[in-house]
Every structure is written in structure tokens, then in C-alpha cells.
1. Only four residue types carry charge here, +1 at the Cβ of Lys and Arg and -1 at the Cβ of Asp and Glu. Report the dipole size of the stretch B:1-120 about the Cα centre in Debye, rounded to the nearest 20.
2. Could you please state, rounded to a whole Å, how far the C-alpha centre of the stretch A:5-24 is from the C-alpha centre of the stretch B:67-128?
3. Between the stretch A:190-215 and the stretch A:224-297, how far is it from one alpha carbon centroid to the other, in angstrom?
4. In the stretch B:190-205, whose amide N lies under 16 Å from the spot 7 Å out along Cα-to-Cβ of B:D431? List them in ranges.
5. Taking the Cβ of A:K347 as the centre, find all other residues whose Cβ is under 15 Å away and add up their charges (Lys, Arg: +1; Asp, Glu: -1).
6. Quick one: with label points 7 Å out along Cα→Cβ, list the inter-copy distances for B:E406 in nm, shortest first?
7. Sort B:E406, B:E46, A:E181 so that the residue with the fewest other Cβ atoms within 10 Å of its own Cβ comes first and the one with the most comes last.
8. Which whole-number percentage describes the relative contact order of the stretch A:169-302, with Cα contacts under 8 Å and a sequence gap of 6 or more?
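Each reported figure results from applying straightforward, stated rules to the coordinates on display, with no laboratory input. Nothing here was measured: the structure is a model prediction, and the numbers come from that model. With ideal geometry, Cβ positions are generated from the backbone for all residues, glycine too; neighbour counts draw on all protein chains shown.
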2 protein chains.
Amino acid sequence: MVNDITSMDVDFSKWYTDIVKKAELMDYSSVKGCMIIEPYGYAIWENIQHELDDRFKATGHQNVYMPLFIPESLLQKEKDHVKGFAPEVAWVTEGGSEKLSERLCVRPTSEILFCEHYQKIINSYRDLPKLYNQWCSVVRWEKTTRPFLRSSEFLWQEGHTMHETAEEAMEETMRMLHTYEEFYKNVLAIPAVTGQKTEKEKFAGAVATYTIEPMMHNGVALQGGTSHYFGDGWAKNFGITFTGRDNTLQHPHQTSWGVSTRMIGAIIMVHGDDNGLVLPPKVAPIQLAIIPIAQHKPGVLDKANALYESLKTKFRVKLDDTDNSPGWKFSQYEMQGVPLRLEIGPKDIEQNQCVLVRRDTREKIFVSLDNLEGEIEKALQAVHDGLYERALKNLKEKTFTATTYEEFLDIAENKPGFIKAMWCGDSACEDKLKDATGGVKSRCIPFKEEHLSDVCVCCGKPAKHMVYWGRQY
Amino acid sequence: MVNDITSMDVDFSKWYTDIVKKAELMDYSSVKGCMIIEPYGYAIWENIQHELDDRFKATGHQNVYMPLFIPESLLQKEKDHVKGFAPEVAWVTEGGSEKLSERLCVRPTSEILFCEHYQKIINSYRDLPKLYNQWCSVVRWEKTTRPFLRSSEFLWQEGHTMHETAEEAMEETMRMLHTYEEFYKNVLAIPAVTGQKTEKEKFAGAVATYTIEPMMHNGVALQGGTSHYFGDGWAKNFGITFTGRDNTLQHPHQTSWGVSTRMIGAIIMVHGDDNGLVLPPKVAPIQLAIIPIAQHKPGVLDKANALYESLKTKFRVKLDDTDNSPGWKFSQYEMQGVPLRLEIGPKDIEQNQCVLVRRDTREKIFVSLDNLEGEIEKALQAVHDGLYERALKNLKEKTFTATTYEEFLDIAENKPGFIKAMWCGDSACEDKLKDATGGVKSRCIPFKEEHLSDVCVCCGKPAKHMVYWGRQY
């Protein structure tokens, strides 16, 4: 086996790290918990950024850049927030050979800085809404790290908005959650469960947190993105006011929302297989690898080159005319998750055709060179749809229902996946279920709840909500 | 005066800060020396990034992301480098509520991290060249700061490459300097002097530093970008080796090169005037502002809207149909440096025409609506060319020649600008000239030196080079 990856059925975790290393997505650095994103991994991130940024701008958002540091006194302003983040921040205490008079925290998230800025620039309802976003890196000092999924530094975007009314802020919170959902589906080919986080699991300092929770191939959840509603609590705390349409002084209503490089981890764990990475076409750095067959024969390389030239403005194409064998190349581009490969040899040229091979199904499609562009487009869409359907099937097959405590424990122990179960609303039950199962937590209260029973699966008291539960990365 | 900016002739420094604030490019934050880049300023940066990134990729470079932190022990590996940077770095000493066993420096530049990574991934000549770049923020603890020009944190790109031979590395060093030069000219409309830094002024740890030095409107220089050649010294130090074509173990040759958000400062100070910012069309977030005249009259807003719709896919256009007066709008878009405004009123509509007004010259151009796109393109190009010519004239007029020490001091005191003068090659003369003039330093040894005299302008010993001298930001 050229690719030489641990099988996911043998050791999912080893399979994952094999892929991130062998597909050259990242490398470890001498800074504990920080990673190097290598060109191939970063190119995926650039495609993700491009797709998301277009969506943000189409909905009126503007990019800005805030400082990397937050003074300790400023961080202290939001008690719940600081309680949530203080244990995992990095502190700068010396600068320019001198001890600083005040510690500076390396931003774990930037609500604080946005609030400080908004306090200065918001005066009238005419200044609202403020729809800012930033692309940057943030630092959270993690004890146990895993490439892309949990690292002490990671890349992300964080949107921070201010609105005239609570309704508008809530609309924005939902708009961005649904933007993520649409992006996951149409760009990453990843289905997910969406809903509201419980009080226990919500963002430190938010009124409500909404989340998108895709399921990895092994049934484990990944918190894939969150959108928070803050009400006007932070605005009051930071003294952010505006003169309203009725000439009274009011506080604006706030949201924030973010997704990060952990999406690359989701792509790997949702779509990957034992031959390596499988990339959804919309974010694949190479969408199509052209591999000449019997390339020493006259005309083959010329034809391969001509195809490359005619396709490269339309798709992200690579022509591999190195001396490696076709078989070696097939393995190589499978490992890298290239959605389609195009094989062209002497016989194909004679028949004015070529072969497209799908990465996901290995299906071979013989297509005429006369309509190649259209056929490639169709095949890329087919790969996207195929990936989505396969992931949706996995999500459905690994979602179970528990109506009793015993059933819940049994599923948690024996069936990796999500568990749908009723819940009384008490965080004590979340704690108990987590302890009893060794880590199953509430993922979210879905927007469309089902009525599975009348009582909480844990304590038997009247149920308030249906909740998705699961283990997480 | 609506714009209410200090005149640049009265107080250039105040004029500058008035513009950055009133054009809403940036805001101060509570973190000393760090700035907030506001949407309009960040949009300029995004256009700069886009133009540069295209050029980097066209020359085979790949983007990556390296960690934000550098462990102290790793930083110590390059003695000259650490001596240059240690006085101005910020140190993280605590993380996750614990004192760290080793201090981490917040990256002031990333040569060290790239070398550590290259040591792991370079093995054969087949692995070369490595052409990596990253877009990120870096931190240098500055005592005196000024928006965009000098701040404790700034955004930049840093390219770090490794090559098989010294010649190839030197070619790369020059290629990227010339890429910057071409970018400054064709995108920013800024002419500049280019050449080599003296030993005293070169990058800490480099063998040679090449620089691009545009002149601001007031005759002061700005180091606009640098490209460094490292030889194989760092590679030896970091144990980076590869098996060469002749099967011997060799060390690769290294370069690095970078430009930063200070380019936004250069744009302001090269092109701006007493009415505000003047943006070169290629990086202007708004290239064309459509301003309806007598917009209450029937048909005017409809026509303005139709023009907006037909132009927006081709140019970055804004239609301002607010209730503010046209005069107020004119001032507003002048302040923001929008290269062209388009006025359209009832009479224009009757005559199937509109008026284009250039920001730089205020020249009015009456154009037929039948060929509007072409006329706008022409006018934008004319603004670009006009800005470049004006800046080139300034650069030429403010470049003086000194052949004696007295002449040098006289020019330094009375004529703001660059001084061309011969130099013996001794850094003691650089020190003496700097002290005697209160800050005039060597800018660079230009690629095309002129022979102005036989002796050093300072000590009278035989001259080795012609040098450009000047004050700097």
C-alpha cells in the first residue's frame, strides 16, 4: 500500500493524524500546542475564507482588524466572560525589555475590544447596524491538543455586530448560523444538526448560543461554528448608547459568531477514507489532476498539456507529467483527496475521449473530449452530492433515540453517534449523564424538537426540551 | 470648510493624523501602540493583499501559517538576529494560569520558525526551491508610535524561501524587490529609489538587505519594503541540509522579504492633499462615487440607479442617494480620496451625458453615457498616471546633490528631501552625518550609482559608493 495509513476502523485517532501528516496539511512546531499550517492545508483555508468572506460581504459585513492584546483591566469588565476564558489565556508581562505595568492577554476572542471600539463610534440609530468581522488568529492555552481540532493558537473569523433592536440582533444571530449551515452544506458537503446550546454549554457571557454540530465519520460530534446573542447587557456594561428614532438614549443589541480552522478537521473526519483525504470540490486546492498514461508515447504529453491549458482557467487543475508511474500518481492524488483525476493515454486520444475517476467512489467515467468542461463540472457536482449524501446517511444511521436512563447509557456505551433524548432543563442532569457515560454532553436543543416522551431521560421530571447528546472533539 | 483638516504646509504631522482619523482609516485602542484598522482602511489593505498575493502566486509562492510564538531558546540561535530584535519584543510568560518554564516571544518576524520547519522538510535538491509566504500580524514593542507607520503590532506579509544555489537565492531576492517596485509603481502609483542597505542599516542577521524607499510629500523617506539575502549561514546554524545533484550534502541559500500596512501610510503621505486622502484607483475601496444632482427631480434617481447597476460589476462603485446636499457629498468623497465622482442631473440626462470629476486635479470631464465604461476606465488610468507623475516630480525636485560636508549639512537643514552624496563605506561616517544633521541616515546604495566626486562627503577619504541619504519615518 503506497499510502500506508492506519485504517480508520483500527484506530480512528491514528488514522486522523496519519492523514494530516501524509497529506501535508500541517506540521508540529517547537511551540507546544501550536501548529504550522503547510501550503496544502493553507490552500484549503484560503478557499474556505474566500467562500465565507463573499457570503459575509453579500450580507453587508465589513472586515476590520483589532489589536492582538487585551489589557487585563479591560478583560475584567465582563465577569462571566473572564471566568470562562481566564483559565486558558496567555499573558504578556514583558515588552521592550521592561516589565509591563499591566498584564496583556493574547486575545482568546475579541468581544471586549469590539465593545470598547463601538462605545466610541456608535452615537445615533443612524450608526446602526454595525456589522464588523475580522479574520485573525486567537490563542487559548490548551492542555491536550490535536491538529486543527484543538490547538493553543488557531485561525478563525469572528463577527461582532450591534443593532438597534433586540429583534434585529436575534435575526442577525440566526442569519449567520444559517449562513454557516448553508456553507457547510453547499461548500463543505457536510450535513449537521443545528440548534441552541444549553445554559451550561453556552458561550461565556452570552444570553444565548446557537451552534452547528456536524457528526464525524466515527459518530463523534464537532462543534462546527457558533452564533451568539448578547442582548444589551455588554452594551450597558461598556456604556454603549445611541440616540434612538424617538430621541431617547438606548443601548444597542449585540451578536458575535465564528468558525475556525477546525473546519479542516471536520472535512477530514467526515469525508476521509482509508486511502486518505477526500476533499469537497469547492475547497479542494486541486480539483482535477491530469495524469498522462504511457506518457512516453508520441502525442500523449502534448495532448495532456493542451487539456491542462484549456481547463486551467475554469478549474483548479494540476498536470502531473513527472516520471513517477501512473499507479504511484493515482495513490498520491487519492491521498491528497483530489476530487477528480483525468487519465489520458494513446487509446483515449485515438477515440477522442478521456477517463474521469471520482475520488469518492472510484467510479470511472469515459467522456468525449468535445464536451469535457461540462462533463468535469457535472462530475465535480456529483462528487459534492455524493459526499453530502454519504455523510447524511452516516448522520442518520448514527442518531439514536433514548427514552430511559438505561437505554441512554446503553447507547452511549455501545453505539457511537448522537442520542436524541428528553431533558428537564436542569444542568445537574447534564452533569450526571456526562459522568455516567464518560463524556456524553448536550450538543444542542434543535430548532425542530420531537416529542419523544414526557419526562427527562435522566431524572424523570417533566421534560422541557428534546436535546441532541453526544461525545465531542 | 467641511473637511476641516489641518493644512499639510502648516503641520504635516497633524495633517496626517487628521486624515487617518477623518477618513476613518483607523482608531486608537486602549492597548498602547496598537491600532484598530477600521473598515475603510482595512478595505485598502484587502486590495493591496489581493494585488500582491496574485503576484506572489504567479511567481510560484505558496502561503502557509506559522505559530505566533517563538520559544526564547530558539530565538537565541541566531546571535545577530536576537541582538537586533530582543530589545523590542513582547514576552509571554504565563499561560493557562501557570508560569511557563520558558518565555515565548510574540513573533517580530518569523525567519527562525521557517528555518526550524525547513530543517525538517528539506532533504533533497528535489525539495528546492521552497517558496513560502505568510500573511499575519507581528509585534515590535515601539516607544513612539504613529498610525500605520510605526505601531507595536502591524499586519504584513513575510516571504521566506530556500534555494539550491547562492545565485538562485540572489535572483529571488532581486525578483521580490522588483515585484515590490513594480507594485508600488503600477498599483500604488508611487515612484521610489531602490538599492542596497549599508551594513549598519541592514536586517539583523542578513548578509545583504535591499530596500524600496519612496519619498513622502514632505521629503521624508519611508522604508517601503525590504528583501534580504541570507546566504547559507542560517541553514548551517539550523542544520538544514540537502543531498545535491552531485550526491553531496549541501546547505540551501535563503531569502526573506516583506511589506506591511505602513504602505497605507505611504499612500496617504505621497498622494494626499489638504482636502483629504487621495487614493490610487487600483486600491481604492470606492473607485467611483455616483452623486445625483437635483435628485428630487423626476428621473434623476432612476437614472443614477441604472448607472450604478450597469457599472457595479466592472468597478467598485458607490451610489450616494442620501438627503445630504451634493456639496456635502463632494467634500465627503474628496476626504475619502475616491478617485472619481460621477455627477448626473436633469440636464445631463437630457443630453445623454454625465460629468466625471477627478479627485487629484478636480478636472471635469463631460462624457457621453454611450461609452461610459470606457471613459471611466480612461479617467481612472489618468488619475493613476497623474498621481504617479506628480509623485515622481516631487521625488526629483526634492533630491539634492552634496559633494562637501558643509553642503550636506546645509541641504539637510534647509531642503527637505533626499541627498545624493559619496561615501567611504565606513559606518562611523554614517553616525557622524546622522548626529550632525539630527537624523539624516543612509537610505540605500542605488543599483545605478552616479559618480559625484572621488571622496566621501563626510571624511574625505576615497569614496566607495554613492548613497541616498534622508530623514525617515
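1. Details: 13 positive and 20 negative charges, 88 e Å.
Its charge dipole is roughly 420 debye.
2. Cα centres, the stretch A:5-24 to the stretch B:67-128: 29 Å.
3. Comparing the Cα centres of the stretch A:190-215 and the stretch A:224-297, I get a distance of 14 Å.
4. B:199-202
5. Values: positive: A:K297, A:K303, A:K364; negative: A:E343, A:D348, A:E350.
Surrounding charge for A:K347 is 0.
6. 10.9
7. Values: B:E406 10, B:E46 16, A:E181 19.
Ordered by Cβ neighbours within 10 Å, fewest first: B:E406, B:E46, A:E181.
8. Working: 195 pairs, mean separation 29.0, N = 134.
Normalised by residue count, the contact order of the stretch A:169-302 is 22 percent.
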